[in-house]
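Report on the following structure.
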Amino acid sequence: MEVDVTRLGHRIAELSAIGGTGPAITRLGLSREEQAARELVGGWLTARGASVRRDAAANLVARFGGDGPAILVGSHLDSVPEGGRFDGALGVLCAVEAIDALLDDGVRFRRPIEVIAWSDEEGARFGIGLFGSCAAFGRLPENAAARADRDGMTIADALRSLGESGDPTRARRADAAVSAYLELHIEQGPRLERAGVPLAVVSAIVGIFHGRVTVRGRQDHAGATVMGERKDALVAAAEMVVAVERIARAVPDAVGTVGELVPKPGAKNVIPGEVSFSLDIRAPREDDLERILRELRAEMRRIGDARGVTSSVDVLARVPVAPLDLPLRELLLRSVKAVGVEAPLLVSGAGHDAQNPQLAGIPTGMIFVRSTGGSHTPIEWCDVADAALGAEALAGALRELAA
Ligand code: HGY
Ligand code: MN
Ligand code: MN
């Protein structure tokens, strides 16, 4: 069985044109662009005989085969703003290519397979990462549908504008309906490139904390307020941001990032009275992640007391460390070996939809494909030859699981 590298390359290019401005991709969750991407991928799958639907959380679900627990395979089609063309998208395209190659090879599925494109994995608009797979596996935070983007549009509004009911919890899958989940994804880091190896198998995915901090000081006049009288929310927030980096750097393999920071009212001659900033903290060990969060809260209180400001943390998401299924890991190592690669086992520093089925108790496995240029950046890159090798390994695993 051979995957078709040319077909895969053309589809990467075709999908990249949706939300693409030059090398950069902006295909935000629950946006028109994400819907256009679902329609493109759904069309290819319908043409191969899948029954294609979109669920209440706007996940694309393309089913091959009859009744019974299904093997799910896929990733996400949304991107971060000005992101790359491979993060998420490659996993969906390689899942489609793997199915195409198996069908081209005359394989008949003894168990149902569903190709999935999870909606809004990045959480770039509404702040809830892994949104579509959280909805499917019952792991959405309270009141998720009321979360709004910067324009005040809520998740419920966005779903309704797509023609859904507005209640993403209706996408909940019965766990018994899913027998396994596989995801291929670019590595998004330098380890495979440095090792000169095209594929890896993922052993575990880091724990993730996503939050939003609000710092409240006193808005005042930039000229008439002497320095000793200020309650400057932005300077306090800046000290807290530096503390995030210092505390995370002190814990092995942990990371801490502030990617968004919004001062209010946001004028050059006004001392900011309020600042909100994002928190993205990750670690491969739960106790380390908890320790970082404890230290950070203590430091934010100390800085607030010293500067006469207050701060609060709104928890957006807390995904525990997810060790992936051992038997599936062995199966994927065999499938990768069958395409000629001695794959290393890697812990994923990036979050993935795969965390949700695994944490819901569904056997889950991941294949990484070598990528270069970093990720969440237009210069993210993956050679189509490496992608095809990944699709070949994925097809081998699906053949063993379902054919
Ligand atoms: O943030 C992440 O790790 C993923 O790209 N959503
Ligand atoms: Mn991403
Ligand atoms: Mn991704």
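Specify the residue with the greatest mean-square fluctuation among VAL319, VAL336, VAL242, computed from a Gaussian network of the chain linking alpha-carbon atoms under 10 Å apart. Of the options given, VAL242 has the highest mean-square fluctuation. Counting only residues at least eight positions apart within a chain, or on another chain, the aspartates and glutamates with an alpha carbon under 16 Å from that of LYS268 are ASP220, ASP232. Per residue, the Cα convex hull of segment 318-384 amounts to 109 Å³.
How far is helix 286-307 tilted off the main Cα axis of the chain, in degrees rounded to 10, range 0 to 90? Approximately 20 degrees, to the nearest 10.
The order of the peptides 386-395, 261-270 by mean Cβ neighbours within 10 Å, most packed first, is 386-395, 261-270. With K and R counted +1 and D and E -1, the other residues having a Cβ less than 10 Å from that of VAL313 yield a net charge of +1. Summarising the label geometry, the points placed 7 Å from Cα in the beta-carbon direction at THR46 and ASP151 lie 2.7 nm from one another.
Within the set of other residues whose C-beta is less than 10 Å from the C-beta of ILE25, count the net charge using Lys and Arg as +1 and Asp and Glu as -1. Local charge sum for ILE25: -3.
In terms of packing, defined here as the mean over residues of other Cβ atoms within 10 angstrom, the peptides 95-106, 6-17 line up highest first as 95-106, 6-17.
Within the assembled protein chains, the solvent-accessible surface assigned to MET1 is about 70 Å², based on a 1.4 Å probe. Most simply put, the chain has about 70% antiparallel DSSP beta bridges, counting only bridges with both residues inside it. Taking other residues whose beta carbon is less than 12 angstrom from the beta carbon of PRO363, and scoring Lys, Arg as +1 and Asp, Glu as -1, yields -2. Counting only DSSP beta bridges whose two residues both lie in segment 207-319, roughly 100 percent are antiparallel.
Once the Cα atoms are used to define both axes, helix 384-402 deviates from the longest principal axis of the chain by about 70 degrees. Normalising the average separation of contacting C-alpha pairs (under 8 angstrom, six or more residues apart) by the number of residues puts the relative contact order of the chain at 23 percent. Against the chain, whose longest principal axis comes from its Cα atoms, helix 326-338 is set at around 60 degrees.
The values are calculated or read from the model by the stated rules, or taken from the named source; none is laboratory data. Here the structure is a predicted model, which means the values were calculated and not measured. Positions of Cβ are backbone-derived with ideal geometry, glycine not excepted, and every protein chain shown enters the neighbour counts. All accessible areas refer to the heavy atoms of the entire protein, side chains included, with ligands and DNA or RNA removed. Shrake-Rupley method; radii C 1.70, N 1.55, O 1.52, S 1.80 Å.
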